[in-house]
Amino acid sequence: MSCIATISAITASIWLASTGEDRVLVIGTEDTFPPYILRDDAGSLSGFDYEVMAEICNRTHHDCQWEVAQFGELIPGVAEGRFDVVLGGMAITPERRAVVDMSIPYTFGNSLEWFVGYAAAPPPDAARIAVEAGTMHETWLRKEKLDYRSYTSEPAVLNAVARGAADLALGPFSGRTDLETLIAGQGLEYVYSQEIPDEGTGIAVCKGNALKAEIDSAIAAMEADGTLDSLHDTWF
């Protein structure tokens with residue numbers, strides 16, 4: 001389904017809501033980016049972004065259906081109409097805003113990112129770099145014209161360094177307990193830092209979708225009544 005078709009479907013769902021029918025949103029996310037999105041011990045999705053979106057669904061009277069995909073599939077998926085909404089620690093950047101509509105930010109992350117590698121790894125401008133596809137880190141490497149190869153997941157990125165296919169890995173690795181085995185456990189280190197600023201963390205919908213206004217309104221209300229602060233304190 002194209003983005004235009006998705007907008008038509010949402011318009012139809014609004015009409016159905018006025019007659020008592022549920023409005024269903026298909027939400028795309030990656031499930032391996034704690035504390036934003038993860039699978040808990042019971043195998044269910046949880047995390048800061050999961051609870052933020054659940055609250056938005058409640059406030060906008062949507063029935064939200066979650067689907068898991070690789071991170072690199074999320075922005076293309078919402079632009080093509082596979083998903084109505086995508087999120088998962090997703091930074092708001094000019095490059096993403098050129099393709100989809102992004103909500104107002106609901107939290108802000110640390111702009112300091114790290115290259116991970118072995119202690120003797122060459123600097124980024126002389127290194128082969130591994131990065132997860134679809135991330136702002138990939139966009140930054142492309143803009144800087146550095147030598148990089150994209151992978152479908154963060155473990156694949158780190159394993160590329162561990163097996164010698166890359167000298168460095170770039171990504172949001174700092175403080176990630178879920179990646180400790182792949183980093184410290186294989187003798188990798190945080191070897192070079194890099195500021196990669198963004199505009200905060202947001203939710204993406206296809207261009208022109210009226211959902212953006214609904215989501216923005218819900219986020220603003222959650223900020224005003226303290227809900228966002230409470231959820232942030234729980235997860236960070």
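Observations on the structure shown:
- Residue match in the stretch 17-24 (condition: within 15 Å of the chain's Cα centre (by Cα) and either modelled with pLDDT of 95 or more or not in a helix (DSSP H, G or I) (or both)): no
- Taking the criterion of being open to solvent by 40 Å² or more (accessible area, probe 1.4 Å) and either of a type outside the set (A, V, I, L, M, F, W, C) or in a strand (DSSP E or B) (or both), the residues of the stretch 84-99 that qualify are Pro94, Glu95, Arg97.
- Evaluated against (1) at pLDDT 95 or above; (2) under 14 Å from the mean Cα position of the chain (by Cα); (3) β-branched (Val, Ile, Thr); (4) over 22 Å from Ala221 (Cα atoms), Thr32 falls short on exactly one condition, (1).
- Within the stretch 101-120, being touching a helix residue (DSSP H, G or I) at 6+ places or on another chain (Cβ under 8 Å) and within 22 Å of Gly185 (Cα to Cα) holds for Glu113, Phe115, Val116, Gly117, Tyr118.
- Where Gly208 falls short, out of the listed (1) over 20 Å from the mean Cα position of the chain (by Cα); (2) assigned to a helix (DSSP H, G or I); (3) in contact (Cβ under 8 Å) with a residue 12 or more places away in the chain; (4) over 23 Å from Tyr50 (Cα atoms): (2)
- Whether a residue is open to solvent by 30 Å² or more (accessible area, probe 1.4 Å), at pLDDT 95 or above and within 19 Å of Lys212 (Cβ to Cβ) was assessed, and Ala54 passes this test.
Matching residues to (1) assigned to a helix (DSSP H, G or I); (2) more than 30 Å from Gly81 (Cα to Cα):
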residue	(1), (2)
Lys145	no, yes
Ala156	yes, no
Val161	yes, yes
Ala184	yes, yes
Lys212	yes, no
Asp216	yes, no
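- Across the stretch 100-115, the qualifying residues are those that are hydrophobic (A, V, I, L, M, F, W, C) and at pLDDT below 95, and the one among them that is surrounded by the fewest Cβ atoms within 10 Å (Cβ to Cβ) is Leu112.
- Subset of the stretch 172-207 [touching a Phe, Trp or Tyr at 6+ places or on another chain (Cβ under 9 Å) and at positive phi]: Gly187, Gly200
- Here Glu67 clears all of (1) of a type outside the set (Gly, Ala, Ser); (2) buried (at least 20 other Cβ atoms within 10 Å of the Cβ); (3) farther than 16 Å from Ala133 by Cα; (4) in contact with a Gly (Cβ under 9 Å, 6 or more places away or on another chain) except the condition numbered (2).
- Only listed residue being within 18 Å of Gly47 (Cβ to Cβ), surrounded by fewer than 19 Cβ atoms within 10 Å (Cβ to Cβ), among the charged types (D, E, K, R) and at pLDDT 95 or above, chosen from Asp233, Asp178, Asp225: Asp233
- Criterion (touching a helix residue (DSSP H, G or I) at 6+ places or on another chain (Cβ under 6 Å) and either open to solvent by less than 10 Å² (accessible area, probe 1.4 Å) or at pLDDT 95 or above (or both)) met by exactly one of Leu170, Leu141: Leu170
- Those residues of the stretch 116-138 which are more than 19 Å from the chain's Cα centre (by Cα), more than 24 Å from Phe236 (Cα to Cα) and buried (at least 20 other Cβ atoms within 10 Å of the Cβ), in sequence order: Gly117, Ala121, Pro124, Ala127, Ile129
The values are calculated or read from the model by the stated rules, or taken from the named source; none is laboratory data. None of the values given here were measured: they were computed from a predicted structure. Cβ sites come from the backbone with ideal geometry, for glycine too, and all protein chains shown count toward neighbours. Surface areas here come from the heavy atoms of the whole protein model, side chains and all, with no ligands, DNA or RNA. Shrake-Rupley method; radii C 1.70, N 1.55, O 1.52, S 1.80 Å.
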